[in-house]
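The values are calculated or read from the model by the stated rules, or taken from the named source; none is laboratory data. No experiment lies behind these values; they were computed from the predicted model shown. Using ideal geometry, Cβ is built from the backbone for each residue, glycine included, and neighbour counts are taken over all protein chains shown. Just the protein is used for accessible areas: all its heavy atoms, side chains included, with ligands, DNA and RNA removed. Shrake-Rupley method; radii C 1.70, N 1.55, O 1.52, S 1.80 Å.
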Amino acid sequence: MPPVEGGPLADEGLVQLLTPTGERVAHPVYDQFVADLTDDDLRAMYADMVLVRRFDTEATALQRQGELALFAQALGQEAAQIGSGRALRPQDHVFPSYREHGVAHVRGVELTDVLRLFRGVDHGGWDPVAHGFHLYTLVIGSHALHATGYAMGVQRDGLVGTGDPERDTAVVAYFGDGATSQGDVSESLVFAAVNQAPVVLFCQNNQWAISEPTTRQASAPLAARAPGFGIPAVRVDGNDVLASYAVTAQALARARSGGGPTFVEAFTYRMGAHTTSDDPSRYRSSEQEEHWRRRDPIERLRLHLEARGALPDEFVAGLTAEADALGEHIRETVRSMGHPSSASMFEHVYATPHAGVEADRAWFERYETSFLDQTGHAPQEGSHR
(Lines give C-alpha, C1' and ligand atoms only; values in the text may rest on other atoms or scores of the structure.)
Protein backbone atom coordinates (compact mmCIF):
# COMPACT_ATOMS: atom_id res chain seq x y z
CA MET A 1 0.00 0.00 0.00
CA PRO A 2 1.53 3.38 -0.97
CA PRO A 3 2.05 6.00 1.77
CA VAL A 4 -1.06 7.97 2.68
CA GLU A 5 -0.94 11.51 4.02
CA GLY A 6 -3.54 13.05 6.28
CA GLY A 7 -3.85 10.66 9.17
CA PRO A 8 -6.27 7.81 9.90
CA LEU A 9 -9.32 9.57 8.42
CA ALA A 10 -7.75 10.35 5.05
CA ASP A 11 -9.81 9.27 2.06
CA GLU A 12 -6.83 9.30 -0.30
CA GLY A 13 -6.28 5.94 -1.96
CA LEU A 14 -9.62 4.41 -1.03
CA VAL A 15 -10.76 1.86 -3.59
CA GLN A 16 -14.11 3.09 -4.91
CA LEU A 17 -16.31 1.78 -7.71
CA LEU A 18 -19.50 3.70 -6.83
CA THR A 19 -19.50 7.36 -5.89
CA PRO A 20 -21.85 8.60 -3.13
CA THR A 21 -24.28 9.61 -5.88
CA GLY A 22 -24.26 6.12 -7.37
CA GLU A 23 -22.05 6.77 -10.40
CA ARG A 24 -19.89 3.85 -11.54
CA VAL A 25 -16.19 4.70 -11.71
CA ALA A 26 -13.55 2.53 -13.34
CA HIS A 27 -10.64 0.99 -11.48
CA PRO A 28 -7.68 -0.63 -13.26
CA VAL A 29 -7.28 -3.41 -10.69
CA TYR A 30 -10.71 -4.14 -9.27
CA ASP A 31 -13.04 -3.81 -12.26
CA GLN A 32 -12.31 -7.42 -13.18
CA PHE A 33 -13.73 -8.67 -9.87
CA VAL A 34 -17.17 -7.17 -10.52
CA ALA A 35 -17.28 -7.65 -14.29
CA ASP A 36 -19.49 -10.73 -14.03
CA LEU A 37 -22.02 -9.23 -11.61
CA THR A 38 -25.47 -8.97 -13.19
CA ASP A 39 -28.37 -6.67 -12.36
CA ASP A 40 -29.85 -9.60 -10.44
CA ASP A 41 -26.68 -9.76 -8.35
CA LEU A 42 -26.82 -6.03 -7.64
CA ARG A 43 -30.49 -6.23 -6.68
CA ALA A 44 -29.68 -9.12 -4.36
CA MET A 45 -27.03 -7.01 -2.65
CA TYR A 46 -29.49 -4.15 -2.36
CA ALA A 47 -32.13 -6.45 -0.86
CA ASP A 48 -29.61 -7.84 1.63
CA MET A 49 -28.73 -4.37 2.86
CA VAL A 50 -32.37 -3.30 3.15
CA LEU A 51 -33.32 -6.42 5.10
CA VAL A 52 -30.34 -6.20 7.44
CA ARG A 53 -31.16 -2.58 8.19
CA ARG A 54 -34.73 -3.59 8.98
CA PHE A 55 -33.32 -6.22 11.32
CA ASP A 56 -31.25 -3.50 13.01
CA THR A 57 -34.28 -1.25 13.40
CA GLU A 58 -36.48 -3.99 14.86
CA ALA A 59 -33.80 -5.25 17.24
CA THR A 60 -33.11 -1.74 18.53
CA ALA A 61 -36.82 -1.20 19.14
CA LEU A 62 -37.10 -4.53 20.97
CA GLN A 63 -34.22 -3.59 23.24
CA ARG A 64 -35.93 -0.29 24.06
CA GLN A 65 -39.05 -2.27 24.94
CA GLY A 66 -37.11 -4.47 27.36
CA GLU A 67 -37.17 -7.58 25.17
CA LEU A 68 -33.38 -7.60 24.64
CA ALA A 69 -30.72 -6.89 27.22
CA LEU A 70 -28.49 -5.13 24.68
CA PHE A 71 -28.03 -4.72 20.94
CA ALA A 72 -25.12 -3.62 18.74
CA GLN A 73 -26.25 -1.99 15.51
CA ALA A 74 -24.54 -2.33 12.13
CA LEU A 75 -26.36 0.75 10.85
CA GLY A 76 -24.29 2.38 8.11
CA GLN A 77 -21.93 -0.57 7.72
CA GLU A 78 -24.17 -2.67 5.49
CA ALA A 79 -22.11 -2.26 2.31
CA ALA A 80 -18.86 -3.39 3.92
CA GLN A 81 -20.57 -6.48 5.32
CA ILE A 82 -22.80 -7.49 2.42
CA GLY A 83 -20.14 -6.80 -0.19
CA SER A 84 -17.43 -8.75 1.60
CA GLY A 85 -19.83 -11.49 2.69
CA ARG A 86 -21.03 -12.15 -0.85
CA ALA A 87 -17.43 -12.64 -1.98
CA LEU A 88 -17.14 -15.72 0.26
CA ARG A 89 -17.47 -19.29 -0.96
CA PRO A 90 -19.39 -21.99 0.95
CA GLN A 91 -16.23 -23.64 2.30
CA ASP A 92 -14.79 -20.39 3.68
CA HIS A 93 -14.98 -19.61 7.39
CA VAL A 94 -15.85 -16.35 9.13
CA PHE A 95 -14.89 -15.29 12.64
CA PRO A 96 -17.10 -12.29 13.52
CA SER A 97 -17.08 -9.85 16.39
CA TYR A 98 -20.58 -8.86 17.57
CA ARG A 99 -21.78 -6.51 14.84
CA GLU A 100 -21.54 -8.64 11.69
CA HIS A 101 -25.28 -9.10 11.18
CA GLY A 102 -24.97 -8.55 7.45
CA VAL A 103 -22.35 -11.26 7.06
CA ALA A 104 -24.46 -13.59 9.21
CA HIS A 105 -27.42 -12.97 6.90
CA VAL A 106 -25.38 -13.69 3.78
CA ARG A 107 -24.05 -16.91 5.35
CA GLY A 108 -27.59 -18.15 5.90
CA VAL A 109 -27.81 -17.61 9.65
CA GLU A 110 -31.37 -17.05 10.86
CA LEU A 111 -31.13 -13.49 12.17
CA THR A 112 -33.44 -14.19 15.11
CA ASP A 113 -30.81 -16.70 16.28
CA VAL A 114 -28.42 -13.75 16.58
CA LEU A 115 -30.89 -12.15 18.97
CA ARG A 116 -30.83 -15.18 21.28
CA LEU A 117 -27.43 -13.94 22.38
CA PHE A 118 -28.64 -10.38 23.00
CA ARG A 119 -31.68 -11.70 24.88
CA GLY A 120 -29.44 -13.86 27.05
CA VAL A 121 -31.02 -17.15 25.98
CA ASP A 122 -27.73 -18.72 24.81
CA HIS A 123 -24.29 -17.87 23.48
CA GLY A 124 -25.35 -18.07 19.85
CA GLY A 125 -28.09 -20.19 18.37
CA TRP A 126 -26.54 -21.35 15.10
CA ASP A 127 -24.22 -24.12 13.92
CA PRO A 128 -20.83 -22.55 13.05
CA VAL A 129 -19.81 -25.51 10.89
CA ALA A 130 -23.03 -25.56 8.86
CA HIS A 131 -22.77 -21.86 8.03
CA GLY A 132 -19.01 -21.35 8.02
CA PHE A 133 -19.83 -18.55 10.44
CA HIS A 134 -18.54 -18.87 13.97
CA LEU A 135 -20.15 -17.50 17.11
CA TYR A 136 -20.07 -13.80 17.95
CA THR A 137 -17.06 -12.73 20.01
CA LEU A 138 -17.59 -10.11 22.69
CA VAL A 139 -13.95 -9.99 23.83
CA ILE A 140 -12.47 -7.28 21.63
CA GLY A 141 -9.94 -8.59 19.12
CA SER A 142 -9.49 -12.08 20.56
CA HIS A 143 -11.12 -13.79 17.58
CA ALA A 144 -8.46 -12.45 15.21
CA LEU A 145 -6.17 -15.01 16.81
CA HIS A 146 -8.86 -17.70 16.56
CA ALA A 147 -9.26 -16.97 12.85
CA THR A 148 -5.51 -17.00 12.23
CA GLY A 149 -5.13 -20.29 14.07
CA TYR A 150 -8.02 -21.79 12.12
CA ALA A 151 -6.45 -20.59 8.87
CA MET A 152 -3.17 -22.24 9.85
CA GLY A 153 -5.12 -25.45 10.41
CA VAL A 154 -6.77 -25.17 7.00
CA GLN A 155 -3.33 -24.72 5.50
CA ARG A 156 -1.98 -27.81 7.26
CA ASP A 157 -4.99 -29.82 6.13
CA GLY A 158 -3.98 -29.21 2.53
CA LEU A 159 -7.00 -27.05 1.72
CA VAL A 160 -5.03 -24.18 0.21
CA GLY A 161 -3.46 -23.83 -3.22
CA THR A 162 -4.84 -27.05 -4.71
CA GLY A 163 -6.43 -25.31 -7.69
CA ASP A 164 -9.80 -26.85 -6.85
CA PRO A 165 -12.31 -23.96 -6.42
CA GLU A 166 -14.60 -26.18 -4.33
CA ARG A 167 -11.80 -27.17 -1.97
CA ASP A 168 -9.44 -24.23 -1.54
CA THR A 169 -10.47 -22.40 1.63
CA ALA A 170 -9.97 -18.96 3.14
CA VAL A 171 -10.76 -17.53 6.57
CA VAL A 172 -11.95 -14.01 7.41
CA ALA A 173 -11.76 -12.21 10.75
CA TYR A 174 -13.99 -9.15 11.13
CA PHE A 175 -13.10 -6.54 13.73
CA GLY A 176 -13.42 -2.82 14.31
CA ASP A 177 -10.91 0.00 14.48
CA GLY A 178 -10.82 -0.21 18.27
CA ALA A 179 -9.68 -3.83 18.11
CA THR A 180 -6.51 -2.78 16.28
CA SER A 181 -5.37 -1.23 19.57
CA GLN A 182 -5.53 -4.67 21.23
CA GLY A 183 -2.49 -6.89 21.45
CA ASP A 184 -4.44 -9.87 20.13
CA VAL A 185 -4.76 -8.27 16.69
CA SER A 186 -1.04 -7.46 16.55
CA GLU A 187 -0.23 -11.03 17.55
CA SER A 188 -2.54 -12.38 14.86
CA LEU A 189 -0.72 -10.24 12.29
CA VAL A 190 2.59 -11.79 13.40
CA PHE A 191 1.30 -15.37 13.17
CA ALA A 192 -0.53 -14.75 9.90
CA ALA A 193 2.54 -13.20 8.28
CA VAL A 194 5.20 -15.70 9.31
CA ASN A 195 2.95 -18.66 8.49
CA GLN A 196 1.49 -17.19 5.29
CA ALA A 197 -1.91 -18.13 6.70
CA PRO A 198 -4.90 -17.99 4.31
CA VAL A 199 -6.68 -15.32 6.32
CA VAL A 200 -8.24 -11.96 5.46
CA LEU A 201 -8.10 -9.53 8.37
CA PHE A 202 -11.10 -7.31 7.66
CA CYS A 203 -11.17 -4.13 9.73
CA GLN A 204 -14.41 -2.16 9.62
CA ASN A 205 -13.11 1.26 10.56
CA ASN A 206 -16.35 2.94 11.62
CA GLN A 207 -14.28 5.74 13.19
CA TRP A 208 -15.39 5.13 16.78
CA ALA A 209 -14.16 2.69 19.42
CA ILE A 210 -17.23 3.38 21.56
CA SER A 211 -16.57 7.09 22.22
CA GLU A 212 -12.88 7.08 21.28
CA PRO A 213 -12.27 8.41 17.75
CA THR A 214 -9.81 6.76 15.40
CA THR A 215 -7.66 9.89 15.62
CA ARG A 216 -6.97 8.98 19.25
CA GLN A 217 -5.93 5.45 18.26
CA ALA A 218 -3.64 6.07 15.29
CA SER A 219 -1.72 8.81 13.54
CA ALA A 220 -1.82 7.08 10.14
CA PRO A 221 -4.39 4.94 8.33
CA LEU A 222 -4.97 1.68 10.19
CA ALA A 223 -4.10 -0.37 7.10
CA ALA A 224 -0.60 1.16 7.15
CA ARG A 225 0.23 -1.07 10.11
CA ALA A 226 -0.01 -4.32 8.17
CA PRO A 227 3.00 -3.85 5.82
CA GLY A 228 5.18 -3.53 8.91
CA PHE A 229 4.31 -7.16 9.63
CA GLY A 230 4.88 -8.17 6.01
CA ILE A 231 1.19 -8.28 5.11
CA PRO A 232 -0.20 -6.45 2.07
CA ALA A 233 -3.01 -4.04 2.83
CA VAL A 234 -5.76 -2.22 0.99
CA ARG A 235 -8.13 0.56 2.01
CA VAL A 236 -11.62 0.52 0.54
CA ASP A 237 -14.63 2.79 0.66
CA GLY A 238 -16.69 0.73 3.09
CA ASN A 239 -19.91 2.45 2.02
CA ASP A 240 -19.44 1.15 -1.52
CA VAL A 241 -20.82 -2.39 -1.76
CA LEU A 242 -19.20 -3.06 -5.14
CA ALA A 243 -15.75 -1.98 -3.99
CA SER A 244 -16.10 -3.96 -0.76
CA TYR A 245 -17.01 -7.03 -2.81
CA ALA A 246 -14.12 -6.57 -5.25
CA VAL A 247 -11.43 -5.94 -2.66
CA THR A 248 -12.52 -8.92 -0.57
CA ALA A 249 -12.78 -11.18 -3.62
CA GLN A 250 -9.19 -10.39 -4.50
CA ALA A 251 -7.97 -10.95 -0.92
CA LEU A 252 -9.86 -14.25 -0.67
CA ALA A 253 -8.48 -15.45 -4.00
CA ARG A 254 -4.98 -14.67 -2.79
CA ALA A 255 -5.55 -16.56 0.46
CA ARG A 256 -7.07 -19.63 -1.22
CA SER A 257 -4.23 -19.86 -3.74
CA GLY A 258 -1.59 -19.94 -1.00
CA GLY A 259 -0.56 -16.30 -1.33
CA GLY A 260 -1.03 -15.59 2.36
CA PRO A 261 -2.90 -12.98 4.39
CA THR A 262 -4.30 -9.58 3.44
CA PHE A 263 -5.35 -6.70 5.68
CA VAL A 264 -8.46 -4.87 4.45
CA GLU A 265 -9.53 -1.58 6.00
CA ALA A 266 -13.12 -0.73 5.08
CA PHE A 267 -13.46 2.97 5.83
CA THR A 268 -17.07 3.52 6.88
CA TYR A 269 -19.12 5.17 9.62
CA ARG A 270 -21.19 3.86 12.48
CA MET A 271 -24.43 5.77 11.96
CA GLY A 272 -26.00 4.40 15.13
CA ALA A 273 -24.74 4.06 18.67
CA HIS A 274 -21.97 1.69 19.68
CA THR A 275 -24.63 -0.34 21.47
CA THR A 276 -28.04 0.51 22.88
CA SER A 277 -26.32 1.47 26.15
CA ASP A 278 -24.40 4.24 24.38
CA ASP A 279 -25.34 7.88 23.68
CA PRO A 280 -23.27 9.09 20.69
CA SER A 281 -24.64 12.63 20.99
CA ARG A 282 -22.25 13.08 23.92
CA TYR A 283 -19.14 12.73 21.80
CA ARG A 284 -19.96 13.56 18.15
CA SER A 285 -21.83 16.30 16.37
CA SER A 286 -25.09 16.15 14.45
CA GLU A 287 -23.29 17.83 11.54
CA GLN A 288 -20.88 14.91 11.30
CA GLU A 289 -23.71 12.41 11.42
CA GLU A 290 -25.54 14.27 8.65
CA HIS A 291 -22.38 14.30 6.54
CA TRP A 292 -22.29 10.51 6.66
CA ARG A 293 -26.03 10.09 6.15
CA ARG A 294 -25.49 11.68 2.76
CA ARG A 295 -23.09 8.80 2.08
CA ASP A 296 -25.59 6.11 3.05
CA PRO A 297 -24.49 2.81 1.45
CA ILE A 298 -28.06 1.70 0.64
CA GLU A 299 -28.94 4.98 -1.02
CA ARG A 300 -25.74 4.80 -3.06
CA LEU A 301 -26.65 1.45 -4.60
CA ARG A 302 -30.28 2.50 -5.06
CA LEU A 303 -29.22 5.50 -7.12
CA HIS A 304 -26.94 3.31 -9.21
CA LEU A 305 -29.66 0.76 -9.90
CA GLU A 306 -32.17 3.46 -10.80
CA ALA A 307 -29.69 5.03 -13.21
CA ARG A 308 -29.34 1.63 -14.89
CA GLY A 309 -33.11 1.19 -15.04
CA ALA A 310 -32.60 -1.94 -12.94
CA LEU A 311 -34.86 -1.20 -9.96
CA PRO A 312 -38.43 -1.80 -11.14
CA ASP A 313 -41.36 -0.76 -8.97
CA GLU A 314 -42.53 -4.35 -8.51
CA PHE A 315 -39.14 -5.32 -7.08
CA VAL A 316 -39.23 -2.42 -4.61
CA ALA A 317 -42.78 -3.29 -3.58
CA GLY A 318 -41.86 -6.93 -3.08
CA LEU A 319 -38.81 -6.00 -1.03
CA THR A 320 -40.87 -3.67 1.16
CA ALA A 321 -43.33 -6.49 1.83
CA GLU A 322 -40.47 -8.86 2.61
CA ALA A 323 -38.97 -6.37 5.05
CA ASP A 324 -42.33 -5.91 6.79
CA ALA A 325 -42.71 -9.68 7.08
CA LEU A 326 -39.20 -9.93 8.49
CA GLY A 327 -40.01 -7.28 11.08
CA GLU A 328 -43.11 -9.16 12.21
CA HIS A 329 -41.18 -12.43 12.32
CA ILE A 330 -38.46 -10.87 14.47
CA ARG A 331 -40.94 -9.39 16.94
CA GLU A 332 -42.94 -12.60 17.30
CA THR A 333 -39.90 -14.85 17.54
CA VAL A 334 -38.08 -12.79 20.16
CA ARG A 335 -41.16 -12.42 22.35
CA SER A 336 -41.78 -16.16 22.20
CA MET A 337 -38.28 -17.14 23.27
CA GLY A 338 -38.49 -19.07 26.50
CA HIS A 339 -36.05 -19.06 29.36
CA PRO A 340 -33.34 -21.74 29.30
CA SER A 341 -33.06 -24.10 32.23
CA SER A 342 -30.21 -23.39 34.61
CA ALA A 343 -28.72 -26.81 33.84
CA SER A 344 -28.34 -25.88 30.16
CA MET A 345 -25.13 -24.05 31.08
CA PHE A 346 -23.41 -27.45 31.15
CA GLU A 347 -24.39 -28.32 27.59
CA HIS A 348 -22.08 -27.81 24.59
CA VAL A 349 -19.09 -26.91 26.76
CA TYR A 350 -16.99 -29.58 25.05
CA ALA A 351 -17.63 -31.61 21.92
CA THR A 352 -17.32 -34.84 23.91
CA PRO A 353 -18.24 -35.77 27.50
CA HIS A 354 -15.93 -34.20 30.07
CA ALA A 355 -15.51 -35.50 33.62
CA GLY A 356 -15.10 -32.04 35.14
CA VAL A 357 -18.26 -30.70 33.51
CA GLU A 358 -20.23 -33.78 34.52
CA ALA A 359 -19.06 -33.41 38.13
CA ASP A 360 -20.17 -29.78 38.11
CA ARG A 361 -23.53 -30.79 36.62
CA ALA A 362 -24.07 -33.39 39.35
CA TRP A 363 -23.20 -30.88 42.06
CA PHE A 364 -25.59 -28.32 40.58
CA GLU A 365 -28.42 -30.87 40.49
CA ARG A 366 -27.85 -31.60 44.20
CA TYR A 367 -27.78 -27.87 44.88
CA GLU A 368 -31.09 -27.27 43.10
CA THR A 369 -32.66 -30.22 44.87
CA SER A 370 -31.75 -28.61 48.20
CA PHE A 371 -34.30 -25.90 47.42
CA LEU A 372 -37.26 -28.29 47.45
CA ASP A 373 -40.18 -26.70 49.22
CA GLN A 374 -42.06 -28.39 52.02
CA THR A 375 -44.39 -30.12 49.57
CA GLY A 376 -41.47 -31.85 47.89
CA HIS A 377 -41.67 -29.77 44.72
CA ALA A 378 -38.83 -27.72 43.34
CA PRO A 379 -39.53 -23.98 43.07
CA GLN A 380 -40.16 -22.54 39.62
CA GLU A 381 -37.24 -21.55 37.44
CA GLY A 382 -35.67 -18.31 38.65
CA SER A 383 -37.29 -18.40 42.12
CA HIS A 384 -34.21 -19.51 44.10
CA ARG A 385 -33.76 -17.59 47.32
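Only four residue types carry charge here, +1 at the Cβ of Lys and Arg and -1 at the Cβ of Asp and Glu. Report the dipole size of the chain about the Cα centre in Debye, rounded to the nearest 20.
With Lys and Arg at +1 and Asp and Glu at -1, about 660 debye.
To the nearest 0.05, what FRET efficiency results for I210 and D360 with a Förster distance of 56 Å applied to their C-beta separation?
Taking R0 as 56 Å, the efficiency between I210 and D360 is 0.95.
In the range 293-373, what is the volume of the convex hull around the alpha carbon atoms, normalised per residue and reported in Å³?
Convex hull of Cα atoms, per residue: 208 Å³.
What value, in deg cm²/dmol to 500, does the helix sum -39500 (n - 2.57) over DSSP H runs of n ≥ 4 give at 222 nm once divided by the residues of the chain?
Result for the chain: -13000 deg cm²/dmol, rounded to the nearest 500.
Just need the relative contact order of the chain here, percent rounded to a whole number, with Cα pairs under 8 Å and 6+ apart.
24 percent
Please give, to one decimal in nm, the separation of the simple spin-label points placed at E328 and Q288, each 7 Å out from Cα toward the Cβ.
Calculated label separation equals 4.1 nm.
Output the direction-averaged projected area (hull surface divided by four) of the convex hull of the alpha-carbon atoms of the range 1-94, in nm².
Approximately 9.3 nm², given one-decimal rounding.
Counting heavy atoms of the protein chains only and a 1.4 Å probe, report the per residue accessible area for the range 46-199 as a whole number of Å².
Using a 1.4 Å probe on heavy atoms only, each residue of the range 46-199 averages 35 Å².
Pick from H329, H304, H354: which residue has the top mean-square fluctuation in a GNM of the chain where Cα pairs under 10 Å get a spring?
Per the Cα network of the chain with a 10 Å cutoff, H354 tops the list.
Give me the percent relative contact order of the range 99-140, please, defined on Cα pairs under 8 angstrom at least 6 residues apart.
29 percent
Using the eigenvalues of the Cα gyration tensor, what equivalent ellipsoid semi-axes result for the range 233-336 when each is taken as the square root of five times the eigenvalue, whole Å, largest first?
28, 23, 19
Dipole of the chain (Lys/Arg Cβ +1, Asp/Glu Cβ -1, origin at the Cα centre): which of A251, V34, T262 lies farthest to the positive side?
T262
Roll a 1.4 angstrom probe over the protein heavy atoms and tell me the percent of accessible area of the chain that is carbon or sulfur.
51 percent
May I ask for the distance between the Cα centers of the range 272-344 and the range 187-209, given as a whole number of Å?
27 Å
About the Cα centre of the range 228-385, what is the dipole size in debye to 20, counting +1 per Lys and Arg Cβ and -1 per Asp and Glu Cβ, all else neutral?
Around 660 debye, computed over the range 228-385.
Given R₀ = 45 Å, FRET efficiency for E23-S336 by Cβ-Cβ distance, to 0.05?
So the FRET efficiency works out to roughly 0.50.
Could you point to the residue in G153, I231, L135 farthest towards the positive end of the chain's charge dipole, with +1 and -1 charges on the Cβ of Lys/Arg and Asp/Glu respectively?
I231
What residues from the range 225-247 fall in the zone where the backbone N is under 16 Å from a label point 7 Å along the Cα-to-C-beta line of D41?
Flagged as within label range: 241-247.
Ignoring ligands, DNA and RNA, what accessible area per residue does the range 207-344 give at 1.4 Å, in Å²?
Ligands and nucleic acids excluded, the figure is 43 Å² per residue.
At 7 Å along the Cα-to-beta-carbon direction for both F346 and L70, put a label point, then send me their distance in nm to one decimal.
The two pseudo-label positions are separated by 2.8 nm.
Using C-alpha positions alone, give me the convex hull volume of the chain per residue in cubic angstrom.
So the per-residue Cα hull volume is 163 Å³.
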